[in-house]
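Encoded as structure tokens, the structure appears first; notes follow it.
The values are calculated or read from the model by the stated rules, or taken from the named source; none is laboratory data. The structure presented is a predicted model; accordingly, all values stated were derived computationally and were not measured. Backbone-built Cβ (ideal geometry, glycine too); neighbour counts: all protein chains shown.
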Amino acid sequence: MIDWKKFKRPLRYLDNEWNVIKKKANIRICLCFPDLYEVGMSNLGFRIIYHLFNEIEDVSCERAFMPYPDFLEYLKKNKIKLFSLETKTSLDEFEVLGFNLNYELNFTNFLTMLDLAGIPLFSSQRKRIIVLGGGISNPEPLSEFVDVFFLGEFEEKIFSFVEILKKYKSKEARLKALSEIEGFYVPSFYIQENSSLKKIYPYASYPLKKVYVKDLNSSYYPQKWLVPYASIVHDRAYVEVARGCPNHCFFCQARCFYYPYREKKIEVVLKQVENIYKFSGYESFTFLSLSLSDYSYIEELLDIAETLFKKKKINFSFPSLRIDSIERFYQKLKKIGKISLTLAPEAATERLRKRINKRIDWRKFWETKDILKKLPLTHIKFYFMFGLPEETEEDLVAIPQLVKTISKRLEKRIHVSINAFVPKPFSYFQNKAMEKEEELLKKKRLLLHLFGKNKKIKVSISPIKKSMLEAIISSADRRVSSVVYKAYLLGARFDGYREFFNWKIWEQAFEEEKIDYHQYLEEKKQPFFWSHIIWDGKIQS
Ligand code: SF4
């Protein structure tokens with residue numbers, strides 16, 4: 001019997017949330033999130049797949065999350081295998097473990113979870129269980145550990161996946177059958193030759209193609225929204241109104257990852273809000289889209305928000321409105337209660353914004369200054385980047401200047417998040433070098449100095465080494481599998497968390513594996529290590 005009082009936030013490990021699904025079925029799948037419960041439960045894709053698997057007859061789907069270090073140590077010390085939330089079944093008893101691998105700095109957590117469950121880490125050593133990886137853009141650094149990746153939006157092929165599980169019983173036959181279906185990538189059926197991939201199983205798909213949901217209106221969306229008892233990062237219900245983005249900012253990976261741009265009809269959105277409200281009781285909703293201002297039915301959406309706020313006191317947040325669209329929506333926004341506004345100009349000068357293709361009309365923002373002042377905003381959050389290609393000192397200095405001016409003129413509290421630019425696969429800037437560490441450190445110091453101390457402005461700049469690691473892993477090839485493994489053995493965990501991130505471990509891992517990590521930070525030439533994947537309708541150039 002585990003004494004839960006001994007652990008931080010034990011509700012992370014207990015089940016019985018409102019709308020939890022407990023089902024008996026022949027095929028048992030566990031969806032695993034290599035981060036804490038509160039982060040995983042805030043991930044929309046994770047929720048969609050959990051509910052959708054459970055909609056399928058013959059399938060039961062449970063969940064597992066990365067345990068916090070105190071509970072992790074307890075499990076190890078007491079030789080208890082990591083178990084699922086719903087039925088406390090050890091992960092090694094499931095047929096399939098589906099991992100969300102959308103964040104490179106969770107890769108060592110992924111290995112930790114397998115190991116905690118007593119499951120061999122290398123795919124070649126696993127006889128029965130299938131480890132499926134999704135949400136990843138460049139899968140190569142995990143090619144040794146994952147049996148099959150899914151490239152793109154799994155909803156589209158989930159039924160084919162289950163059919164294969166029903167039809168074939170051996171792992172080998174299942175993987176062979178999956179590799180012939182668009183979207184599935186079985187890394188062991190390919191070998192890396194220099195920087196390209198060559199298939200060794202003749203029927204495996206090549207090049208590999210990303211799969212996407214064709215029609216968002218008819219695709220599955222969970223309505224019996226799980227309501228956690230523990231607080232989570234985004235403790236509200238989401239209604240996705242569009243997927244993809246019609247803009248083309250050159251640094252952006254999300255645009256390519258969720259390509260093409262698709263919208264949900266307003267009547268479908270309304271129905272989903274009503275149903276989620278009915279089944280979950282949530283009174284806080286977020287309308288999700290990468291760029292809400294571009295949603296064709298945005299006016300109608302604001303009307304819905306206004307009506308439901310008046311009738312039922314339901315709060316809505318609009319996280320991705322463009323700065324220059326506030327004026328257009330002001331009359332409606334002011335009627336829907338307290339809101340927070342998140343704006344991402346990314347660069348503070350017009351010249352640099354043009355260079356990165358971020359289209360914002362700042363004149364409009366200043367024109368709306370009086371309007372913004374009157375809005376019932378709790379705070380405004382801004383996102384900026386530094387270390388962007390062709391950035392000058394003037395661009396850098398402009399960030400604190402602009403934020404201070406906004407804070408003064410609007411008389412609002414401002415949160416600013418500033419991150420070093422990380423060139424990501426499939427983005428337009430995928431071939432760019434990451435700026436040298438010394439330069440980035442200098443720039444970070446300058447930014448902090450220029451911001452100074454200001455009660456109304458909260459600044460956060462992520463550690464440079466952390467961004468570097470993200471850049472290295474995201475554009476790495478198969479050789480880096482051994483580094484991820486070594487870093488795991490040396491104790492790397494929770495690399496995405498400031499308090500646990502330890503660059504020395506990674507440096508040692510690269511050294512011991514005799515791989516110079518600088519090569520992944522330099523400018524890249526074609527073919528890239530991910531060129532075998534068609535992500536954006538064509539092989540990226
Ligand atoms: S940064 Fe935002 S607006 Fe620009 S392409 Fe990406 S998702 Fe769209």
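Among residues belonging to the stretch 229-274 that are more than 14 Å from the ligand (Cβ to nearest atom) and among the polar types (S, T, N, Q), point out the one that is nearest to Arg359 (Cα to Cα).
Among them, the one singled out is Gln272.
Out of Arg355, Arg328, report the one residue that is surrounded by fewer than 19 Cβ atoms within 10 Å (Cβ to Cβ), more than 11 Å from the ligand (Cβ to nearest atom) and modelled with pLDDT of 95 or more. Before the answer, list the steps.
Numbers: Arg328 fails: modelled with pLDDT of 95 or more.
Answer to the selection: Arg355.
Of everything in the stretch 340-352, what is closer than 23 Å to Lys458 by Cα and either surrounded by fewer than 20 Cβ atoms within 10 Å (Cβ to Cβ) or within 16 Å of the ligand (Cβ to nearest atom) (or both)? Give them in sequence order.
Across the stretch 340-352, the qualifying residues are Ser340, Leu341, Thr342, Leu343, Ala344, Pro345, Glu346, Ala347, Ala348.
Please identify the pairs in which a residue from the stretch 439-463 that is surrounded by 16 or more Cβ atoms within 10 Å (Cβ to Cβ) has its Cβ atom under 7 Å from the Cβ atom of a residue that is among the hydroxyl-bearing types (Ser, Thr, Tyr), counting only partners at least 6 apart or on another chain.
Ile457/Ser407
Restricting attention to the stretch 294-313, does a residue exist that is within 16 Å of the ligand (Cβ to nearest atom), touching a residue at least 12 places away in the same chain (Cβ under 8 Å), of a type in the set (A, V, I, L, M, F, W, C) and farther than 30 Å from Gly183 by Cα?
yes
Hey, can you tell me all the residues within the stretch 420-452 that are in contact with a helix residue (DSSP H, G or I) (Cβ under 9 Å, 6 or more places away or on another chain), in a loop (DSSP other than H, G, I, E, B) and among the hydrophobic types (A, V, I, L, M, F, W, C)?
Phe421, Val422, Phe426, Met434
So, of the residues in the stretch 361-400 that are surrounded by 15 or more Cβ atoms within 10 Å (Cβ to Cβ) and part of a loop (DSSP other than H, G, I, E, B), which turns out to be farthest from the chain's Cα centre (by Cα)?
Among residues in the stretch 361-400 that are surrounded by 15 or more Cβ atoms within 10 Å (Cβ to Cβ) and part of a loop (DSSP other than H, G, I, E, B), the one farthest from the chain's Cα centre (by Cα) is Thr368.
Taking the condition out of contact with any helix residue (DSSP H, G or I) (no Cβ under 8 Å at 6 or more places or on another chain), part of a helix (DSSP H, G or I) and surrounded by 16 or more Cβ atoms within 10 Å (Cβ to Cβ), does Ser417 pass? Explain how you work it out, then say what you get.
Working: out of contact with any helix residue (DSSP H, G or I) (no Cβ under 8 Å at 6 or more places or on another chain): yes; part of a helix (DSSP H, G or I): no; surrounded by 16 or more Cβ atoms within 10 Å (Cβ to Cβ): yes.
No.
Step by step: first the residues of the stretch 401-413, then only those that are in a helix (DSSP H, G or I) and not hydroxyl-bearing (Ser, Thr, Tyr), then the one that is surrounded by the fewest Cβ atoms within 10 Å (Cβ to Cβ). Which residue is that?
First, the residues of the stretch 401-413 that are in a helix (DSSP H, G or I): 401-410.
Subsequent filtering for residues that are not hydroxyl-bearing (Ser, Thr, Tyr) retains 401-404, 406, 408-410.
Working: Gln401: 14, Leu402: 18, Val403: 25, Lys404: 17, Ile406: 20, Lys408: 10, Arg409: 13, Leu410: 19.
The extreme case among them is Lys408.
Residues that are of a type in the set (S, T, N, Q) and at negative phi, at least 2 per element: which strands (runs of 3 or more DSSP E) completely within the stretch 84-202 meet that? Steps first, please.
On the way: elements: 96-100, 130-134, 148-150, 190-193, 196-199.
Passing ranges: none, list empty.
Looking at the stretch 1-51, which of its residues are in a helix (DSSP H, G or I), of a type in the set (Phe, Trp, Tyr) and surrounded by fewer than 17 Cβ atoms within 10 Å (Cβ to Cβ)? Give the derivation first.
Start the filter on the stretch 1-51 by keeping residues that are in a helix (DSSP H, G or I), which leaves 4-6, 10-13, 37-40, 44-51.
Then drop every residue that is not of a type in the set (Phe, Trp, Tyr), which leaves 4, 13, 37, 46, 50.
Residue satisfying the conditions is Trp4 alone.
Does Phe279 meet the test of being closer than 30 Å to Ser474 by Cα, crowded, with 16+ Cβ neighbours inside 10 Å and either within 14 Å of the ligand (Cβ to nearest atom) or of a type in the set (Phe, Trp, Tyr) (or both)? Before you say what the answer is, go through the steps one by one.
Numbers: closer than 30 Å to Ser474 by Cα: no; crowded, with 16+ Cβ neighbours inside 10 Å: yes; either within 14 Å of the ligand (Cβ to nearest atom) or of a type in the set (Phe, Trp, Tyr) (or both): yes.
Taking the combined requirement at face value, the residue does not satisfy it.
Scan the stretch 59-84 for residues that are surrounded by fewer than 20 Cβ atoms within 10 Å (Cβ to Cβ) and of a type outside the set (Ser, Thr, Tyr) and report the count.
Just the residues of the stretch 59-84 that are surrounded by fewer than 20 Cβ atoms within 10 Å (Cβ to Cβ), to begin with: 68-70, 72-81.
Checking the rest, the ones that are also of a type outside the set (Ser, Thr, Tyr) come to 69-70, 72-73, 75-81.
Matching residues across the stretch 59-84 total 11.
I want to confirm something. Restricting to the stretch 43-65 and keeping residues that are among the acidic types (Asp, Glu) and touching a strand residue (DSSP E or B) at 6+ places or on another chain (Cβ under 9 Å), which single residue is nearest to Asn19 (Cα to Cα)? Outline the logic, then answer.
The initial filter retains those residues of the stretch 43-65 that are among the acidic types (Asp, Glu), namely 55, 57-58, 62.
Of the ones still in play, those that are also touching a strand residue (DSSP E or B) at 6+ places or on another chain (Cβ under 9 Å) are 58, 62.
Numbers: Asp58: 20, Glu62: 13 Å.
So, considering only residues that are among the acidic types (Asp, Glu) and touching a strand residue (DSSP E or B) at 6+ places or on another chain (Cβ under 9 Å), the one nearest to Asn19 (Cα to Cα) is Glu62.
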